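Trainee: Below you'll find the structure I mean.
The values are calculated or read from the model by the stated rules, or taken from the named source; none is laboratory data. Keep in mind the model is a prediction, meaning the values are calculated, not measured. Glycine gets a Cβ as well: all are built from the backbone with ideal geometry, and neighbour counts include every protein chain shown. Accessible surface is based on the protein model in full, side chains and every heavy atom, while ligands, DNA and RNA are left aside. Shrake-Rupley method; radii C 1.70, N 1.55, O 1.52, S 1.80 Å.
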Amino acid sequence: MSEIINTINSLKAGEVILYPTDTIWGIGCSALNESAIDKIFEIKQRPKEKKLILLASDIEMLHNYVGNIPEKLKALLNTSEEPISIIYSNAKNLASCLLGPDNSIAIRIPNNDFCREVIKGLGHPITSTSANISGQPIAKCFKEIQTPILKGVDYIVNLHQDETTLSKASKVARLEKDTIHFIRN
């Protein structure tokens, strides 16, 4: 699919993209490109203390950035029908600007073929944050995305723009040792 190739090429070129995910429309870039990450914070007018979620293609990729993943978490990720972003402690191999003060990172494996194929083609995670100005309502479909976001990104993925089905953000949980604590349901 050419849209996958175009998106991968944009990410490799250090561009910021606007793209559909398994939840809401997201703003993203290569998780290894600090200047593109900085641009996302500028576009969203978001304080850098509020970190971004990453999307990984699969559990195998996830291992490269978080180390040990308990079996019960793997089972949850493989069986959950709803998207779940997990906050992991002791992240590794990522730009420090993505990490929380405790070296943590939130990562989701999207249930979306387009996202997974883009991430696989890129070879590492991408960032994901809602397509809105920080503090403003979340755009639940493409038509709700504000003009400053549309003009601020470098590339807009040409898929699902006509869909009006309202989406919602993922659940968020924190992994502490072998225990999973839900923060946002």
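Trainee: If you take just the strands (runs of 3 or more DSSP E) that sit entirely in the stretch 104-185, which of them hold at least 1 residues that are within 20 Å of A31 (Cβ to Cβ)? Step through it out loud before you land on a result.
Mentor: Values: elements: 105-108, 126-130, 171-176, 179-184.
Fully inside the stretch 104-185 and qualifying: 105-108, 126-130, 171-176.
Trainee: Quick one: in the stretch 4-19, which of the residues that are open to solvent by 10 Å² or more (accessible area, probe 1.4 Å) and either among the hydrophobic types (A, V, I, L, M, F, W, C) or modelled with pLDDT under 95 (or both) is nearest to V157 (Cα to Cα)?
Mentor: Among residues in the stretch 4-19 that are open to solvent by 10 Å² or more (accessible area, probe 1.4 Å) and either among the hydrophobic types (A, V, I, L, M, F, W, C) or modelled with pLDDT under 95 (or both), the one nearest to V157 (Cα to Cα) is I4.
Trainee: Test of understanding: among G100, G135, G123, which residue is out of contact with any helix residue (DSSP H, G or I) (no Cβ under 8 Å at 6 or more places or on another chain) and open to solvent by 60 Å² or more (accessible area, probe 1.4 Å)?
Mentor: Details: G100 fails: open to solvent by 60 Å² or more (accessible area, probe 1.4 Å); G123 fails: open to solvent by 60 Å² or more (accessible area, probe 1.4 Å).
Just one listed residue meets the conditions, G135.
Trainee: Having 2 or more residues that are of a type in the set (K, R) is the bar; report the helices (runs of 4 or more DSSP H) wholly within the stretch 15-84 that clear it. Give the derivation first.
Mentor: Details: elements: 34-44, 59-66, 71-79.
Qualifying helices (runs of 4 or more DSSP H): 34-44, 71-79.
Trainee: Here's another thing I want to ask about it. Of the conditions (1) of a type outside the set (D, E, K, R); (2) touching a strand residue (DSSP E or B) at 6+ places or on another chain (Cβ under 7 Å); (3) open to solvent by less than 20 Å² (accessible area, probe 1.4 Å), A95 satisfies every one except a single condition; which number is it?
Mentor: (2)
Trainee: (1) within 18 Å of K50 (Cβ to Cβ); (2) in contact with a strand residue (DSSP E or B) (Cβ under 6 Å, 6 or more places away or on another chain): which one isn't true of I156, the others all being true?
Mentor: (1)
Trainee: Scan the stretch 31-41 for residues that are small (G, A, S), open to solvent by 10 Å² or more (accessible area, probe 1.4 Å) and either touching a residue at least 40 places away in the same chain (Cβ under 8 Å) or closer than 20 Å to N158 by Cβ (or both) and report the count. Quick ask: steps written out before the conclusion?
Mentor: First, pick out the residues of the stretch 31-41 that are small (G, A, S): 31, 35-36.
Among the residues that remain, those that are also open to solvent by 10 Å² or more (accessible area, probe 1.4 Å) are: 35.
Then keep just the ones that are either touching a residue at least 40 places away in the same chain (Cβ under 8 Å) or closer than 20 Å to N158 by Cβ (or both); that gives none.
Of the residues in the stretch 31-41, 0 are small (G, A, S), open to solvent by 10 Å² or more (accessible area, probe 1.4 Å) and either touching a residue at least 40 places away in the same chain (Cβ under 8 Å) or closer than 20 Å to N158 by Cβ (or both).
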